[in-house]
1. Could you grab me the full set of residues in the range 40-67 that are open to solvent by 50 Å² or more (accessible area, probe 1.4 Å) and in contact with a helix residue (DSSP H, G or I) (Cβ under 7 Å, 6 or more places away or on another chain)?
2. With the checklist (1) in contact (Cβ under 8 Å) with a residue 12 or more places away in the chain; (2) assigned to a loop (DSSP other than H, G, I, E, B); (3) among the charged types (D, E, K, R) in hand, flag the one item Arg35 doesn't pass.
3. Scan the range 10-39 for residues that are exposed (fewer than 12 other Cβ atoms within 10 Å of the Cβ) and more than 25 Å from Thr70 (Cβ to Cβ) and jot them down.
Amino acid sequence: MERGFQRLIAGGDKSERLTKIDADLRASIRAGRGRVNSVRANLLTQAVKKYLPQILNERFKKILAEKGITITVQQW
């Protein structure tokens, strides 16, 4: 969390959307605690699929668009 998502979320002004994503992501990680590693890995994979595109779009959409990169965010 701290070496991955927090580095992407931190810095600059934190929008309301990023604040919600941060809270949701932390809740997802807490839900995996105390479970077997395969379940924790599956929960983390699902969280990455859900939140990483949202974070990248929120933080870097303009920069990515300038380079011709578009990230599609699924609605959950």
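1. If the condition is that a residue be open to solvent by 50 Å² or more (accessible area, probe 1.4 Å) and in contact with a helix residue (DSSP H, G or I) (Cβ under 7 Å, 6 or more places away or on another chain), then Arg40, Leu43, Leu44, Glu58, Arg59 are the ones that fit.
2. Tallying (1) in contact (Cβ under 8 Å) with a residue 12 or more places away in the chain; (2) assigned to a loop (DSSP other than H, G, I, E, B); (3) among the charged types (D, E, K, R), Arg35 fails exactly one: (1).
3. Ala23, Ala27, Arg30, Arg33, Gly34, Val36, Asn37, Ser38
The values are calculated or read from the model by the stated rules, or taken from the named source; none is laboratory data. It should be emphasised that the depicted structure is a prediction, and the values quoted were computed from it without experimental measurement. Glycine also receives a Cβ, built like all others from the backbone with ideal geometry; neighbour counts cover every protein chain displayed. Accessible surface is based on the protein model in full, side chains and every heavy atom, while ligands, DNA and RNA are left aside. Shrake-Rupley method; radii C 1.70, N 1.55, O 1.52, S 1.80 Å.
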